[in-house]
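One structure is given below, encoded as structure tokens.
The values are calculated or read from the model by the stated rules, or taken from the named source; none is laboratory data. These numbers were taken from a predicted model, which means no experiment stands behind them. Virtual Cβ from ideal backbone geometry, glycine too; neighbours counted across all protein chains shown. What goes into the accessible areas is simple: the full protein's heavy atoms, side chains included, and nothing from ligands, DNA or RNA. Shrake-Rupley method; radii C 1.70, N 1.55, O 1.52, S 1.80 Å.
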Amino acid sequence: MKQYQITIEVDEAQLKQIYLDQDKSLTEKDLPSTEEMIKNEFDWLVQSGIEMIGNIAPIDNHYLKK
């Protein structure tokens, strides 16, 4: 099995709004953490043979800028 490493950028406001739009009974206080929402969005990858290994955690933006 071959491994890859990626960095993703997430618009947290848009992600939260999508969750709120999908379930009108939710309030912003009810939402899971950003990391959990990202994990939920990537869960469909398991069905296509992609496995996620490791934790989803924010990184410092200055680390990526050159």
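State the number of residues belonging to region 7-66 that are over 12 Å from the mean Cα position of the chain (by Cα) and of a type in the set (D, E, K, R).
Count: 10.
Going through region 1-31 one residue at a time, which ones are open to solvent by less than 100 Å² (accessible area, probe 1.4 Å) and touching a residue at least 12 places away in the same chain (Cβ under 8 Å)?
Correct list: Thr7, Ile8, Val10, Glu12, Leu15, Lys16, Tyr19, Leu31.
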